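Working notes for the structure below.
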Amino acid sequence: MPRILSIDYGLKRTGIAVTDELEIIASGLTTIPSETAISFLTTYFSKEQVSEVLIGEPKQMNGEPSESTAIIEEFVKKFSKAFPEMKIIRVDERFTSKMAFQTMIDSGLNKKKRQNKALVDEISATIMLQDYLTRKMI
């Protein structure tokens, strides 16, 4: 059965999360350098079935696009060109980084581990994906 993949794309790093094959549970997969995202995904898609990909859509509090929107839109164009058959779902990523950081605190990670921005990106992608799964089941 196919999985759903979530991408928290950033200027330097990209967090990636994926569901189990039953599309019930979201788990962090990895964080990669953003410039390697398309090649990483090419390899991943050749090994795993993926039915759809969530890509974060950054917005400001008032719903307007954020300053990082242009960077992510450029990635979406590259992604669509590389994987024209893949279904893309854009999801609001407001607060995911803050929620990821709070999750790290709540789980008891020490200060040094909480400073790991790659882990924050991976957890952010997981939060986006789990939120999508929750809304999908309602």
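Computed from the coordinates by the stated procedures, all read-outs in this text should not be read as laboratory data. Values in this document were obtained by computation on a predicted structure and should not be read as measured data. All Cβ positions, even for glycine, are placed from backbone atoms using ideal geometry, and neighbour counts span all protein chains on display.
Tabulated data for the structure shown
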| read-out | value |
| --- | --- |
| Model label zone, K136; criterion: amide N under 13 Å from point 7 Å along Cα-to-beta-carbon; scope region 1-33 | 1-7, 17-27 |
| Extension gain from K117 to K12, taking 0.36 nm per residue of separation minus the Cα-Cα distance | 36.8 nm |
| Protection proxy ranking, peptides 79-92, 31-44, 11-24, 122-135, average beta carbon neighbours within 10 Å, highest first | 122-135, 11-24, 31-44, 79-92 |
| Simple label model, 7 Å out from Cα along Cβ direction - F83 to K47, nm | 1.4 nm |
| Computed lengthening from N62 to E35, 0.36 nm per intervening residue step minus Cα-Cα distance | 6.7 nm |
